[in-house]
Amino acid sequence: MTLVLGLAGGAVAAVATPAPAQAGTLVCGNRYFLRAASTNTYISVDPGTGLVYADITWKGWWQQFRVCRETSWDKRHFVLKSEAASAGFGADSFLRPVANDFAVFPHTLENYDIFMWDGGNPYWGLVHASTGRYLSVSSPLSVYPGPANLGWGQALYRES
């Protein structure tokens, strides 16, 4: 499957999304806390529902995400795993867009779960690879699939 994504500077590039992997075949690496620049709050997972929001001002287990990828994937592609949600739900749990929100819950991985980073130093954008839309924060309780360009509402700090 090939997508067309709008990248910084107005350039357009075709990006092939990788085939889905199963959680057991993933290699997980860096752990990040994602802080929304627009609200100065951390992206977090609700322990009961798995919905993602951004109203926490401190770093904890429910605010930490781990970058995981299949070894055959391009280095740009990854899924984000919440180890806190995985422990809470009793199975590997990954970030994905759900309707007009983002959620973390156990599910079979699909192409729809794959993300890429855009920008950098100091702000990053988290791009959903299948749609080209950025994870966006407009208020502490509103984390949603936003536009296909990197703006202030899409700017994230990646903190270790």
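The values are calculated or read from the model by the stated rules, or taken from the named source; none is laboratory data. All values derive from a computational prediction rather than experimental measurement. All Cβ positions, glycine included, derive from the backbone under ideal geometry; neighbour counts span all protein chains shown.
Name the residue, out of Asp74, Asp55, that is closer than 24 Å to Gly151 by Cα, modelled with pLDDT under 95 and not hydroxyl-bearing (Ser, Thr, Tyr). Spell out how you get there, then give the answer.
Working: Asp74 fails: closer than 24 Å to Gly151 by Cα.
Going through Asp74, Asp55 in turn, just one is closer than 24 Å to Gly151 by Cα, modelled with pLDDT under 95 and not hydroxyl-bearing (Ser, Thr, Tyr): Asp55.
Under the condition of being in contact with a helix residue (DSSP H, G or I) (Cβ under 8 Å, 6 or more places away or on another chain) and not hydroxyl-bearing (Ser, Thr, Tyr), which residue from segment 129-147 is surrounded by the most Cβ atoms within 10 Å (Cβ to Cβ)? Outline the logic, then answer.
Just the residues of segment 129-147 that are in contact with a helix residue (DSSP H, G or I) (Cβ under 8 Å, 6 or more places away or on another chain), to begin with: 129-130, 134-138, 146-147.
Subset that is not hydroxyl-bearing (Ser, Thr, Tyr): 129, 135, 137, 146-147.
Values: Ala129: 24, Leu135: 25, Val137: 28, Gly146: 19, Pro147: 13.
My answer is Val137.
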Residue set Leu126, Leu150; condition over 18 Å from Leu80 (Cα atoms), crowded, with 20+ Cβ neighbours inside 10 Å and in contact (Cβ under 8 Å) with a residue 12 or more places away in the chain; output residue Leu150
Since Ile114 meets every condition but one in (1) buried (at least 22 other Cβ atoms within 10 Å of the Cβ); (2) touching a Leu at 6+ places or on another chain (Cβ under 9 Å); (3) not small (Gly, Ala, Ser), which condition does it not meet? (2)
Scan segment 33-54 residue by residue and report those that are more than 14 Å from Leu126 (Cβ to Cβ) and either in contact with a strand residue (DSSP E or B) (Cβ under 6 Å, 6 or more places away or on another chain) or among the hydrophobic types (A, V, I, L, M, F, W, C) (or both). Thr39, Thr41, Ser44, Val45, Gly50, Leu51, Tyr53
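Picking from Leu80, Leu109, which residue would you name as being crowded, with 19+ Cβ neighbours inside 10 Å and over 16 Å from Ile43 (Cβ atoms)?
Checking each option against the conditions leaves just Leu109.
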